[in-house]
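K.L.:
Dumping the structure here so I can ask a few things about it.
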Amino acid sequence: MVENEDQGYGEPKHVNVLSPYLARTVALVAEGLPNKQIAHRMGISEGTARQYVSHAFRQLNLKDGNTRNKRVLLTRWMLRGER
């Protein structure tokens, strides 16, 4: 992951700390899906999907910065097999 404390990104925690819904959300974010498609796939509202994404970022220690950067970092983390 990125070890740049100046940007507010810490080392992520393992995905195992997430509930099944948040783990599914993380997998869908890593596929590159926007919140609207995540909501559709999970059968939830777009607002709930947005909340799940934000909560997953916090649980994985991806704080601060913009959402696009966090989505890219999360995808990179998933691809590296750090789940």
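Only the coordinates and a few stated rules stand behind these numbers; no lab work does. All figures in this text were calculated on a predicted structure; none of them were measured in a lab. Backbone-built Cβ (ideal geometry, glycine too); neighbour counts: all protein chains shown.
K.L.:
Within a 10 angstrom radius of the beta carbon, how do TYR52, TYR21 rank from fewest other beta carbons to most?
P.N.:
Lowest to highest Cβ neighbour count: TYR21, TYR52.
K.L.:
Please compute the length gained on full extension between LYS63 and ARG41, using 0.36 nm multiplied by the number of residues separating them and subtracting their Cα-Cα distance.
P.N.:
In short, 5.4 nm is gained.
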